[in-house]
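Let me begin by presenting the structure, written as structure tokens, before commenting on it.
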Amino acid sequence: MFGVIVSGRLVQTEFQPISHSQFLTTIPDADNINHVVVFLTGISPFPEGTAGQVYFSWPDPNAPPNWQVLGHISNTKPSAIFKISTLKKLHEMNSFSNTMFGQSNICHNAQIGISIEPLMNITEVPSPSGPANNITFAQKMLENFMNYILSFSVTQSNMLPDPTATYVPLSTVQNWYTNFERRLTQNPNFWKT
């Protein structure tokens, strides 16, 4: 029913059914992939009133999959191109949807999951302005901050003593991120007060 195209590779149509409404495929050697195309093969359409929410999990050898929404495909939108080169490994920041497609093991390859859902439950791409865009901007800014902080992370055994440096436990930054994101979700304008 589904297919994936990665530039320079053969079309991939091997999606494993995880449940009656969830399907999963693995993309090997995904480190240098910039875009993927996800499409309906035309063999069978979505059931009336449904569409496929497309999720992506970036490879990480030290954490279970962390599913990120890319967008959707439907009978009226049978294909979509998704930019994945900017997606980051978010497992350090939260555990949202780590078991969405029935997996809790560490995955070394990228994965694409498609969940068939009622059209009313499909997550749309935020509009260019308004509260949804403010939330998206803040989340992207937070992700950027976390990725920057994480780029400096080392294990305690690899730390070099530096009496002039101040160290903050990564868990403290992670707690701040989680609390900020929760408050942002509850009230996108909380930071204005």
Residues of segment 140-171 being surrounded by 10 or more Cβ atoms within 10 Å (Cβ to Cβ), under 21 Å from Asn66 (Cβ atoms), out of contact with any Phe, Trp or Tyr (no Cβ under 7 Å at 6 or more places or on another chain) and not charged (D, E, K, R), in sequence order, are Met141, Asn144, Phe145, Asn147, Ile149, Leu150, Ser153, Leu170
Of the residues that sit in segment 122-178 and are modelled with pLDDT of 75 or more and among the charged types (D, E, K, R), which one is nearest to Ile73 (Cα to Cα)? Lys140
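The values are calculated or read from the model by the stated rules, or taken from the named source; none is laboratory data. These numbers were taken from a predicted model, which means no experiment stands behind them. With ideal geometry, Cβ positions are generated from the backbone for all residues, glycine too; neighbour counts draw on all protein chains shown.
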